[in-house]
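First comes the structure, then the notes that go with it.
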Amino acid sequence: MSLPIFLIGARGCGKTTVGKALSQALGYAFCDTDHHLQLTTQRSVAEIVATEGWEGFRARETESLQAVTAPLTVIATGGGMVLAEHNCRFMQEQGRVIWLSASPEVLAERLESQPETAQRPTLTGRPIADEMEEVLRERAHLYRAAAHHQVNAMQSPDGVVDEILHSLSLARAS
Ligand SMILES: Nc1ncnc2c1ncn2[C@@H]1O[C@H](COP(=O)(O)OP(=O)(O)O)[C@@H](O)[C@H]1O
Ligand SMILES: O=C(O)C1=C[C@@H](OP(=O)(O)O)[C@@H](O)[C@H](O)C1
Ligand SMILES: [Mg+2]
């Protein structure tokens, strides 16, 4: 299979971390839509949101998704990519879509230890644990509907990679 592999899921589920490891395991290229946006605009997510609002950021992340999509590539998306139906349709048509699923407690614990607030400005203004509960309540059905496969993201990154490879019937290249 040479189709792009899209990783979706909430902030902190490990899309960037697991995406890098998965790309190495397959010998694929790796792209992250937020990183692409940062490189092309020379601005962080927080800076884009401060000047253009979340609406402006969301439009830019759609462009970023389309720009990085290519065969033999693992693509880590931003947690809100599924909010736009056209992004979901695009990912489903172009490749395979994997949801990295984790509980709000696990997500909050990871984000509290690595907040990276420049790339993850608050979405709700609420404390992280409350925010993650709210975000999953609003988005879980979108992740579920967009994904070809759901994997358990509450295990080691290597374990997540193995589960993804198994679900796609792919073998490690290295
Ligand atoms: N499977 C995992 N187990 C433990 N910690 C993880 C795992 N995946 C990611 N992390 C940690 O959680 C934080 C967020 O990971 P990241 O890959 O940036 O998530 P995302 O891109 O989905 O927001 C980082 O500090 C990372 O080291
Ligand atoms: O969940 C979200 O709406 C967002 C998640 C972030 O990406 P990660 O999921 O990689 O943290 C980033 O795209 C932006 O801060 C918005
Ligand atoms: Mg990320």
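What figure, in Å² to the nearest 10, do you get for the accessible area of Arg43 with a 1.4 Å probe and non-protein molecules left out?
60 Å²
Calculate the spin-label point distance for Thr40 paired with Arg126, positioning each point 7 Å from the Cα along the beta-carbon direction, and give it in nanometres.
3.3 nm
Going by alpha carbons, how many degrees (0 to 90, nearest 10) lie between the helix axis of 104-113 and the longest principal axis of the chain?
In the chain, helix 104-113 runs at an angle near 70 degrees to the longest axis.
Any idea what angle helix 45-68 forms with the longest principal axis of the chain, computed on alpha-carbon atoms, 0 to 90 degrees, nearest 10?
Helix 45-68 sits roughly 20 degrees off the main axis of the chain.
What is the Cα centroid distance between segment 43-80 and segment 133-153, reported in whole angstrom?
The distance from the Cα centre of segment 43-80 to that of segment 133-153 comes to 19 Å.
Can you give me the long-range amide H partners of Gly80? Hydrogens built in the peptide plane at 1.01 Å from N, cutoff under 5 Å, separation of 5 or more residues or another chain.
Amide H to amide H, under 5 Å and 5 or more residues apart or across chains, Gly80 pairs with nothing.
On a 0 to 90 degree scale, rounded to 10, what angle separates helix 85-94 from the longest Cα axis of the chain?
Rounded to the nearest ten degrees, it is 20.
What figure in square angstrom, to the nearest 10, would you give for the accessible area of Ser167 with a 1.4 Å probe?
40 Å²
The values are calculated or read from the model by the stated rules, or taken from the named source; none is laboratory data. A quick note: this is a predicted structure, and the numbers were derived from the prediction, not measured. Methodologically, a virtual Cβ is constructed for each residue, glycine included, from the backbone with ideal geometry; neighbour enumeration extends over all protein chains shown. What goes into the accessible areas is simple: the full protein's heavy atoms, side chains included, and nothing from ligands, DNA or RNA. Shrake-Rupley method; radii C 1.70, N 1.55, O 1.52, S 1.80 Å.
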